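Notes follow the structure.
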Amino acid sequence: MSRGGARGHTRVKTARGRTTQSTRWLERQLNDPYVKRAKAEGYRSRAAYKLIELDERFGFLKGKKRVIDLGIAPGGWSQVLRRQVPKAAVAGIDLLPVDPIDGVQILMMDFMADAAPGALIEALGGAPDLVLSDMAANTVGHPQTDALRTMGLVETALDFAVQVLAPGGDFVSKVFAGGADSALVAEMKRNFTTVKHAKPPSSRKGSVEWFVVAQGFKGRKDAPEDTGSGEDREPA
Ligand SMILES: C[S@@+](CC[C@H](N)C(=O)[O-])C[C@H]1O[C@@H](n2cnc3c(N)ncnc32)[C@H](O)[C@@H]1O
């Protein structure tokens, strides 16, 4: 590694055994102002600033009492929650282990597992008024496959939010490739008063990552009334 390039830019020499791709990643990390800021401000990830910036624009954190953090590792978003809404109960889930965060219930399990929604609500102690998802599938390097896998996570996160949110609650999720597809946006619009896409300044320009912010959950529709037509009844 060599320091002292233009304006303190740190250059990384390609070491034997290190791929050019990982050298580029390391160089970017070392020169990224958000990585430096995260270190200085005690956040575990630069991702923390995406939540901070989204909240500055949309103001979805204020007054929240119960929050779910999907894809919590390493914990930057939950740290922001603890600082901004210290009274809120927080429960998060990840495939990866996460060092404890005071006041946050952390589950190490696959969100796609059947048991995950129940376990999250039990850990939270009631219905959330905010569901956050920063989940991203591990990329395989095939853009369409990567986008489809992450969109699968977004769809499942939205289904979960619609099933568990308290009326008036909000849903914020990472999406891919310029936004959620039209069917997903339509589903959000059916369930929320406003649906907006945003790319916060801390989201890397070159990345296909965007966020969708759906606010004002309209509440679950009541089960259809029994009209008494008898269509589904056993014959007498
Ligand atoms: C970008 S990171 C989240 C960063 C986090 N918001 C922060 O501020 O530190 C995405 C996370 O999603 C998790 N993830 C991906 N698929 C998942 C799944 N099916 N269940 C649970 N977590 C998942 C990954 O393990 C990864 O830790």
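The values are calculated or read from the model by the stated rules, or taken from the named source; none is laboratory data. Since this is a predicted model, take the numbers as computed values, not measurements. FYI the Cβ positions are ideal-geometry reconstructions off the backbone, even for glycines, and counts take in every protein chain you see.
Looking only at residues that are outside any helix (DSSP H, G or I) and aromatic (Phe, Trp, Tyr) in the stretch 143-202, which one is modelled with the lowest pLDDT?
Just the residues of the stretch 143-202 that are outside any helix (DSSP H, G or I), to begin with: 165-181, 192-202.
Now restrict to residues that are aromatic (Phe, Trp, Tyr): 171, 176, 192.
On the way: Phe171: 98, Phe176: 78, Phe192: 98.
In this case the residue turns out to be Phe176.
Conditions: (1) more than 11 Å from the ligand (Cβ to nearest atom); (2) more than 17 Å from Trp210 (Cα to Cα); (3) touching a Ser or Thr at 6+ places or on another chain (Cβ under 8 Å). Gly75 meets all but one. Number of the miss?
All conditions pass for Gly75, except number (1).
If you take the residues in the stretch 42-62 that are outside any helix (DSSP H, G or I) and free of Cβ contacts under 8 Å to residues at least 24 places away in the same chain, which one is farthest from Arg204 (Cα to Cα)? Write out each step before concluding.
Of the stretch 42-62, the ones outside any helix (DSSP H, G or I) are 42-47, 59-62.
Checking the rest, the ones that are also free of Cβ contacts under 8 Å to residues at least 24 places away in the same chain come to 59, 62.
On the way: Gly59: 22, Lys62: 26 Å.
If we take residues in the stretch 42-62 being outside any helix (DSSP H, G or I) and free of Cβ contacts under 8 Å to residues at least 24 places away in the same chain, then Lys62 is farthest from Arg204 (Cα to Cα).
Got a sec? Which of Ala113, Ala119 is near the ligand (Cβ under 9 Å from one of its atoms), among the aliphatic types (A, V, I, L, M) and either farther than 24 Å from Phe58 by Cα or in contact with a His (Cβ under 6 Å, 6 or more places away or on another chain) (or both)? Explain how you work it out, then say what you get.
Working: Ala119 fails: near the ligand (Cβ under 9 Å from one of its atoms).
Step by step, each of Ala113, Ala119 is checked, and only Ala113 is near the ligand (Cβ under 9 Å from one of its atoms), among the aliphatic types (A, V, I, L, M) and either farther than 24 Å from Phe58 by Cα or in contact with a His (Cβ under 6 Å, 6 or more places away or on another chain) (or both).
Looking at this structure, is Ala89 of a type in the set (A, V, I, L, M), assigned by TED's automatic domain parsing to the domain that holds Val212 and either closer than 15 Å to Ser203 by Cβ or within 15 Å of the ligand (Cβ to nearest atom) (or both)?
Working: of a type in the set (A, V, I, L, M): yes; assigned by TED's automatic domain parsing to the domain that holds Val212: yes; either closer than 15 Å to Ser203 by Cβ or within 15 Å of the ligand (Cβ to nearest atom) (or both): no.
No; evaluated as a whole, the condition is false for this residue.
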